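The values are calculated or read from the model by the stated rules, or taken from the named source; none is laboratory data. Nothing here was measured: the structure is a model prediction, and the numbers come from that model. Backbone-built Cβ (ideal geometry, glycine too); neighbour counts: all protein chains shown.
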Ligand code: CAA
């Protein structure tokens, strides 16, 4: 099986920058596309800060950091994706934006074997696949935050995805990114979010109803169940806006009340309290 030596990543926010970092550290040439020169520069900076942190903590050497940065380029010109063998889209959880990007990638990427993957948490992969002329080569590849730490990738074939694309994607995830793969069917939430999201929303409802304070809920799950962080701290890490978008997609698909975003979550998102990335969420961040 041909190895991927030229990866494209679209979007360099929380998830895209993590994917780019892991791939570049693993030895893959990475080109990241963002919507503007400023966003591209900020994305590269995000990777630099994370790699510097790795050096400070003794996780990677300065040489490994420098080599990774030498393999990483950023651009705001989507045409530059033309020579990529594999592209992972990791932009905000918005169906219109994602379908627009898949149409563009399909037009721009010249390699007829290239795979186009989406890091969507909840949008049906088939909806993205059918916007392209290569629906057999479109697949879901769902990473977890923080990408450099979390060992898992969910691989999600759409009804249109070929077995060869599934095999090449799984091989790339394990060989080039060092991730463990689990396969899920193309239903909203896949495996992990289908189980995680109702739990996170239940914690929000506990705060909303005054049953317990955020700190107590989190300590309860950290010390009672040995979770690395409680549900409200985890929501702050994921981003409340992202969590709301995921819950809405799952609710739209299943009409299951446990997936419906509680009013408190909606109000916090409306207030701009997105969690860590905005400095406010269930907790305050400096
Ligand atoms: N990049 C690289 N390494 C990082 C990192 C980052 N962004 N953040 C933390 N780390 C590393 C640290 O270097 C540290 O490594 P060592 O122990 O080897 O030194 C380790 O992770 C622990 O970090 P910290 O000591 O800073 O902090 P912590 O112990 O509180 O752990 C955490 C932080 C890794 C985030 C941990 O709390 C955790 O695993 N939380 C659960 C995260 C989780 O469940 N993520 C999935 C969310 S769901 C999702 O993403 C999908 C979706 O669609 C919504």
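Does region 206-258 hold any residues that are at positive phi and touching a residue at least 40 places away in the same chain (Cβ under 8 Å), and which are they? If the condition is that a residue be at positive phi and touching a residue at least 40 places away in the same chain (Cβ under 8 Å), then 239 is the only one that fits.
In region 93-111, the count of residues that are assigned to a loop (DSSP other than H, G, I, E, B), within 14 Å of the ligand (Cβ to nearest atom), buried (at least 16 other Cβ atoms within 10 Å of the Cβ) and at pLDDT 95 or above is zero.
Of all residues in region 80-92, those satisfying the criterion of being within 20 Å of the chain's Cα centre (by Cα) and surrounded by fewer than 21 Cβ atoms within 10 Å (Cβ to Cβ) are 85, 92.
Being within 27 Å of residue 230 (Cα to Cα) and within 16 Å of the ligand (Cβ to nearest atom) holds for only one residue in 200, 177, and it is 200. Looking across region 10-29, the residues that are more than 16 Å from the ligand (Cβ to nearest atom) and within 19 Å of the chain's Cα centre (by Cα) come down to 10, 28.
In the set (1) within 16 Å of the ligand (Cβ to nearest atom); (2) buried (at least 22 other Cβ atoms within 10 Å of the Cβ), the condition left unmet by residue 74 is number (1). Evaluate region 188-197: report whether one residue or more is in contact with a helix residue (DSSP H, G or I) (Cβ under 9 Å, 6 or more places away or on another chain) and part of a loop (DSSP other than H, G, I, E, B). Taking every residue of region 188-197 in turn, at least one turns out to be in contact with a helix residue (DSSP H, G or I) (Cβ under 9 Å, 6 or more places away or on another chain) and part of a loop (DSSP other than H, G, I, E, B).
Got at least one residue in region 63-79 being in contact with a helix residue (DSSP H, G or I) (Cβ under 9 Å, 6 or more places away or on another chain), assigned to a helix (DSSP H, G or I) and closer than 22 Å to residue 139 by Cα? Yes; the residues of region 63-79 include at least one that is in contact with a helix residue (DSSP H, G or I) (Cβ under 9 Å, 6 or more places away or on another chain), assigned to a helix (DSSP H, G or I) and closer than 22 Å to residue 139 by Cα.
Selection of region 68-79 for residues being touching a residue at least 24 places away in the same chain (Cβ under 8 Å) and more than 22 Å from the chain's Cα centre (by Cα) yields only 79. Count of region 134-171 residues, restricted to those that are within 16 Å of the ligand (Cβ to nearest atom), touching a residue at least 12 places away in the same chain (Cβ under 8 Å) and out of contact with any helix residue (DSSP H, G or I) (no Cβ under 8 Å at 6 or more places or on another chain), is 1.
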